[in-house]
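Reading through the structure tokens given below for one structure.
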Amino acid sequence: MKNSLILVGTQWGDEGKGKIVDYFSEKFSAVCRFQGGHNAGHTIYNDEKKFVLHLIPSGIFYDHVSCFIGQGVILSLDSLLEEVETIESKGINLEGKLRISRYCSLLLPIHAKIDQLREDNKNKIGTTRRGIGPAYEDKTARRSIKAFDLEDDSLLEDKLKNLLDYYNFQIENIHRAEKFSYQEVFDNLKETYSKTSKFFGDVTDSLEEIYEKGNHILYEGAQGTLLDVDYGTYPYVTSSNTLATSVGVGSGFPKSIYADVLGVVKAYTTRVGEGPFPTELHDENGEKIAKIGNEFGATTGRPRRCGWLDLVALKYSAKLNNLTSLCVTKLDVLDSFSEIKVCDEYEIDNEVVQYKSRQLHKVKPKYKIFKGWEQSLGQCQNYSELPKEAREFLEFIEDYTKVKISLISNGPQRNDLIHR
């Protein structure tokens, strides 16, 4: 194995990455988040307790692991503080264990308000309404408040006044809503930063030091490939680059690209929010998957749309991320199905077409049907113990994508994993 591993979602997010990062973290010296914001929701079961992490890397529960948040992450100080207090209330001291880049752009309550007002419009995208898009807009438009701005009151005052003027004009004149108070926003920023400033520092130098000592670093992606702002189902995407190739910029450590890449994929497909979804089910099978898989967003609580596994989209993700291996999660959700389908072809007007995000709303999925295994996988501890039907299903995924499956999740607990 190389010094680094990049872990990414291959679908529309919610693939179960948190559990897999938690598992791999034991083998690494450091874990680094490199994009997204607190719209991510990574669910982890630790000592039979459920934790949902939105910003802090999933390796935080191991004593020997240092955790980093790179500058590619849009940071809500309010969400960070809430998460820190929740974790520390469980007896985990984060000082000296968590480091956040001072170059992170900050997400303010006014960003969330703008996001919500836009989503209440008839042209909604289906965002988490947490302000991620507006905050990334500010970063690109050079309006962002950076974490390091909070160390200079004079600079912060000027930048914050300009930012609030920009958004308050929209809030009052376009959305007819109540504008934000400068003093309240300023005071809240200073207060939350005073409680979290000890976690900020230079992430690049720290990662370089760990890497040069020959220690291993795990890079934790958020959301999924099909939500990438450039290569996803635009405009129904997130506001950051979610691919493995964005790790160098997002972490601030260019050598991070010399890594193996593990893609996490569910044994079926889900999506939250608006946008095309070729294999979506509107029948009892979709309802059954949602119920057994407990398919509700870890961040928003919204019910997820469910469908069969889309191998055309997965092959596209494998190519974009240069995957070196796959992890299949939630295989056990399909335990009671007598028949399981996977999409292995798209058609438009009876003509086979390749994956193109701009055409997804037109495609008709063609399916290969597998006989279900109709038994619990919960007691299986190695690959050979899996039913023949489950192995055939997995091996077809490998053959189609040309990527080896190295890990299979057969239950929600951190030890419910089968290795190959």
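Things to note:
- Surface accessible to a 1.4 Å probe, per residue, for the residues of the range 301-356, Å²: 40
- Peptides 86-92, 269-275, 28-34 ordered by packing proxy, namely the average of other Cβ atoms within 10 Å per residue, highest first: 28-34, 269-275, 86-92.
- Angle between the chain longest axis and helix 109-119 axis [Cα atoms, degrees, rounded to 10]: 50
- The spacing between the range 125-189 and the range 287-362, judged by their C-alpha centroids, is 37 Å.
- Accessible solvent surface per residue of the range 95-216, calculated while the other protein chains remain in place, 1.4 angstrom probe, Å²: 54
- Rounded to whole numbers, the Karplus 3J(HN,Hα) couplings from phi for the range 365-372 are x, 10, 10, 9, 9, 10, 6, x Hz, using 6.51 cos²θ - 1.76 cosθ + 1.60 with θ = phi - 60°, and x at Gly and Pro.
- Charge sum, other residues only, whose C-beta stays under 14 Å from residue 139's C-beta, Lys/Arg counted +1 and Asp/Glu -1: +1
- Calculated FRET efficiency for the pair residue 350/residue 195, C-beta based, R₀ 56 Å, to 0.05: 0.35
- Rounded tilt (10° steps) of 388-401 against the dominant C-alpha axis of the chain: 60
- Calculated FRET value between residue 174 and residue 358, using beta carbons and R₀ = 25 Å, to 0.05: 0.25
- Total formal charge among the other residues, if their Cβ is under 12 angstrom from that of residue 97, Lys/Arg +1 and Asp/Glu -1: -1
- Antiparallel beta bridges, as assigned by DSSP with both residues in the chain, represent about 40 percent of the total such bridges.
- Whole-percent carbon and sulfur share, accessible surface of the chain, 1.4 Å: 45
- Rolling a 1.4 Å probe across all protein chains gives residue 337 an accessible area of roughly 10 Å².
- Contact order, relative form, for the chain: 20 percent (alpha carbon pairs under 8 Å, 6 or more residues apart, mean separation divided by residue count).
- Cα gyration tensor, the range 178-266 - rounded (a/c under 1.5), prolate or oblate: oblate
- Spin-label pair residue 255/residue 82, simplified geometry with 7 Å Cα→Cβ offset, distance in nm: 3.8
- Cα-projected label distance for residue 402 with residue 339, points at 7 Å along beta-carbon direction, nm: 3.2
- The relative contact order of the range 175-302 comes to 13 percent, based on Cα pairs under 8 Å that sit 6 or more residues apart.
- In the context of the full set of protein chains, residues of the range 1-93 present 32 Å² of accessible surface per residue (probe radius 1.4 Å, heavy atoms only).
- Packing here is the average count of other Cβ atoms within 10 Å per residue, and on that basis the peptides 218-231, 167-180, highest first, run 218-231, 167-180.
- Filter on 50/198; 17/341; 19/50; 341/388; 97/146; 27/388 - keep pairs with C-alpha separation over 19 Å: 50/198; 17/341; 97/146; 27/388
The values are calculated or read from the model by the stated rules, or taken from the named source; none is laboratory data. Quick caveat, the model's predicted, so the values are computed rather than measured. Cβ: placed from backbone, ideal geometry, glycine included. Neighbour counts: every protein chain shown. When the accessible area is computed, the model is the full protein with side chains, heavy atoms only, and any ligands, DNA or RNA have been set aside. Shrake-Rupley method; radii C 1.70, N 1.55, O 1.52, S 1.80 Å.
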